[in-house]
1. Between the DSSP loop rule and a limit of at most 14 other Cβ atoms within 10 Å, which chymotrypsin sites (Phe, Trp or Tyr not before Pro) in segment 72-133 are left?
2. Here are labelled values, (1) 14.7, 50; (2) 13.7, 42; (3) 15.6, 52, and one is the computed Rg and Dmax of the Cα atoms in Å for what I pasted. Which one?
3. If you rank E98, E5 by fewest surrounding Cβ atoms within 10 Å, what's the result?
4. Cα-based Rg of segment 31-73 per 2.2 N^0.38 Å, rounded to two decimals?
5. For segment 3-130, what is the charge dipole size about the Cα centre, in debye to the nearest 20, if Lys and Arg each add +1 at the Cβ and Asp and Glu each add -1 at the Cβ?
6. Could you compute the FRET efficiency for E78 and E98, with r as their C-beta to C-beta distance and R0 at 25 Å, rounded to 0.05?
7. Let me check against my output: what whole-number percent is the relative contact order of segment 23-133, with C-alpha pairs under 8 Å and at least 6 apart?
8. As a test of the formula, what do you get for the chain when each DSSP H run with n ≥ 4 contributes -39,500 (n - 2.57) and the sum is divided by the residue count, at 222 nm and rounded to the nearest 500 deg cm²/dmol?
Amino acid sequence: MTAAEKKDSLIRYRLQQAKESIDDAVFLFENKRGLRSVVNRIYYAMFYAVLAALVKEPFQSSKHSGVIGYFNQHFIKEGIFPPETGKYLNLAFEARQESDYKEFSELTADEVHKLLGHAVSFIKEVEKYLGHH
C-alpha cells in the first residue's frame with residue numbers, strides 16, 4: 001500500500017468513526033438518554049471529522065486543544081471552512097468539557113438538539129472538503 005493509499009484509508013476510517021459517533025448521538029437523543037452522553041458523542045463525531053481533515057496536513061498533536069487550535073488556525077482563518085464551522089466545533093468542545101468535568105452542569109435538550117444539528121452539518125462539510133460524500 002502506498003503512502004497516499006494509507007492516508008486515504010485513514011481518512012475513510014476517521015470519517016466512519018465520525019458517522020458512527022453522530023449516529024450514536026442521534027440514537028441517544030431520540031431515545032431520551034442522558035444528555036451528557038449525547039454531548040460526548042457529538043463532540044467526538046466532530047473531533048473524528050477534524051482528524052480526517054488533518055490526515056494530509058503536516059501537523060500532529062496528542063491534545064484535543066492542539067488539534068482544534070490547528071483546525072481553527074488553518075482551516076477557519078484561511079477560509080477553507082466558514083467561521084461558523086469553527087464556532088460549532090468550539091461549542092461542542094466546551095460543552096463536552098463542561099458536561100464531563102464541571103459539577104452540576106446541565107445543558108438543556110434544546111441546546112443539545114441544536115448542537116446535534118450543527119455537528120451533522122459539520123461532518124458533511126468535512127466530507128465535502130475531503131471528497132468523501
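1. Answer in residue order: F104.
2. Recomputing Rg and Dmax of the Cα atoms in Å here gives the entry labelled (1).
3. Working: E98 14, E5 9.
Fewest-to-most Cβ neighbours within 10 Å comes out as E5, E98.
4. This ratio for segment 31-73 stands at 1.38.
5. Charge dipole, segment 3-130, about its Cα centre: 300 debye, nearest 20.
6. 0.30
7. Relative contact order for segment 23-133 comes out at 35 percent.
8. Rounded to the nearest 500, the figure is -24500 deg cm²/dmol.
The numbers here are math on the coordinates, done by the rules we state, and not lab data. On a predicted model such as this, the values are computed, not experimentally measured, just so you know. Cβ: placed from backbone, ideal geometry, glycine included. Neighbour counts: every protein chain shown.
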